[in-house]
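Just so it is clear, none of the values below were taken in a lab; they were calculated from the coordinates. All figures in this text were calculated on a predicted structure; none of them were measured in a lab. Heads up, the Cβs are rebuilt from the backbone with ideal geometry, glycines too, and the neighbour counts pull from every protein chain shown.
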Amino acid sequence: MEKLRFPFFSDAADRRPAVIAGPCSAETEEQTLDTARQLVAAGFRIFRAGLWKPRTKPGGFEGVGAAGIAWLQRVKRETGMYVATEVATREHVAAVLEGGIDLLWIGARTSANPFAVQEIADALQVFGADIPVLVKNPVSPDLELWIGAIERLRNAGLSRLGAIHRGFTSAEKSVYRNLPMWSVPIELHRRMPQLPLFCDPSHIGGRRDAVAPLAQQAMDLGFDGLIVEAHAYPDAAWSDKEQQVTPLELAEICRRLVVREGAETTESLDSLRGEIDKLDDCLLDLLARRMHVARDIGRYKKEHAMPVLQAARYEALLARRVAQAEELGMDGGFMRRVLQAVHEESVRQQMEKLDE
Ligand code: PEP
Ligand code: MN
């Protein structure tokens with residue numbers, strides 16, 4: 001798949017991220033134009049604004065709809081920016097293609113629904129339009145569903161695709177609006193290395209002060225771009241006001257981003273990766289040996305008619321190892337998850353012995 005190319009935030013070399021910036025929603029023609037003018041003056045080249053807003057509950061501001069297309073056309077005419085908006089139905093697709101919008105994205109609630117994604121893909125195919133489309137992750141951390149949405153568009157002949165990581169809904173308490181769960185987009189990148197990856201720190205964080213650190217994390221992980229909510233008057237925004245920043249604040253956030261140079265560090269990176277490979281070899285070998293012993297224990301328990309699971313011993317073992325991990329500077333929760341996975345597999349192996 002061809003890499004999606006866009007003008008970059010600054011004139012610096014390609015290693016600056018592509019930044020798509022603009023309000024959560026187009027509210028009025030004046031607010032849309034005001035925000036776009038401030039953004040272009042601050043160096044941004046790609047403007048976003050939601051026209052159809054998928055709201056969790058009825059009664060909220062549901063967007064201005066197709067009426068906002070003329071405003072985006074004005075942004076394009078007067079500022080020279082590329083313009084982007086969200087589509088969720090075939091009617092949206094028809095309206096934005098007729099209106100000359102440059103870039104589309106599919107929202108998190110829509111990408112979770114294969115019928116809706118297929119409808120969008122079919123509508124795009126009817127127009128034969130190879131417009132760039134960015135697919136947000138579905139609200140739940142279901143990588144296959146995310147990939148499935150991308151494949152539906154690819155099968156419809158779209159070649160300029162990208163993905164947006166906007167975090168995941170979770171019952172878990174978090175300082176963020178949506179859990180980042182970075183391992184999901186990283187795995188997406190491993191599976192589809194050519195697919196440009198954008199991060200949406202606004203919807204992950206849900207707070208203005210979270211935009212900069214999340215954007216930096218995305219850069220550290222090698223994301224290609226950002227999509228960030230910016231509004232001329234964030235406090236007066238009709239949707240998502242807690243997470244919107246002013247164009248000037250966004251320019252400052254982008255200026256401060258440290259984008260690491262890939263080439264310079266390659267040599268030492270290679271040797272570090274070699275070290276990781278060797279350590280992984282050791283880990284695998286140890287795990288294989290541990291499973292072997294678990295099977296021997298299973299055999300012993302079977303011969304002596306003992307139960308496989310001895311809960312008291314397991315709890316004590318877990319607590320001791322978690323404490324030990326913390327002493328070694330590791331995260332206790334991480335060690336608990338690793339040990340639980342290893343233990344679960346040991347029990348399964350012992351049960352197999354019982355069945356023999
Ligand atoms: C948006 O980008 O304004 C939006 C609705 O985002 P999400 O689909 O990620 O909730
Ligand atoms: Mn929003």
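Quick one: which residues, 5 or more positions from Ile20 or on another chain, have an amide H under 5 Å from its amide H? H modelled 1.01 Å from N in the peptide plane, none for Pro or chain starts.
Leu226, Ile227, Val228
Quote to one decimal, in nm, the extra length available between Gln310 and Glu275 on full extension: 0.36 nm per residue of separation minus the C-alpha distance between them.
Working it through step by step, the gained length comes to 8.9 nm.
Check which residues have an amide H placed less than 5 Å from Phe168's amide H, if you skip close sequence neighbours.
Excluding prolines and chain starts, which carry no amide H, the hits are Leu179.
I want the antiparallel fraction of DSSP beta bridges within the chain, as a percent rounded to 5.
The antiparallel fraction comes to roughly 5 percent.
Can you count the Lys pairs in the chain with C-alpha separation below 22 Å, eight or more apart or on different chains?
Close lysine pairs found across the chain: 11.
Return one number: the angle in degrees, 0 to 90 and rounded to the nearest 10, between the long axis of the Cα atoms of helix 143-155 and the longest principal axis of the Cα atoms of the chain.
That works out to roughly 40 degrees.
R0 = 25 Å: FRET efficiency of Cys282 with Asp220, Cβ-based, nearest 0.05?
Rounded to the nearest 0.05, the efficiency is 0.40.
Near the amide H of Gly206, under 5 Å away, which other amide H atoms are found, from residues 5 or more places off or on another chain, if H is placed in the peptide plane?
Here the answer is Arg177, since their amide H atoms fall under 5 Å of that of Gly206.
For Ser159 and Val258, what is the calculated FRET efficiency with R₀ set at 30 Å and r taken between the beta-carbons, to the nearest 0.05?
0.40
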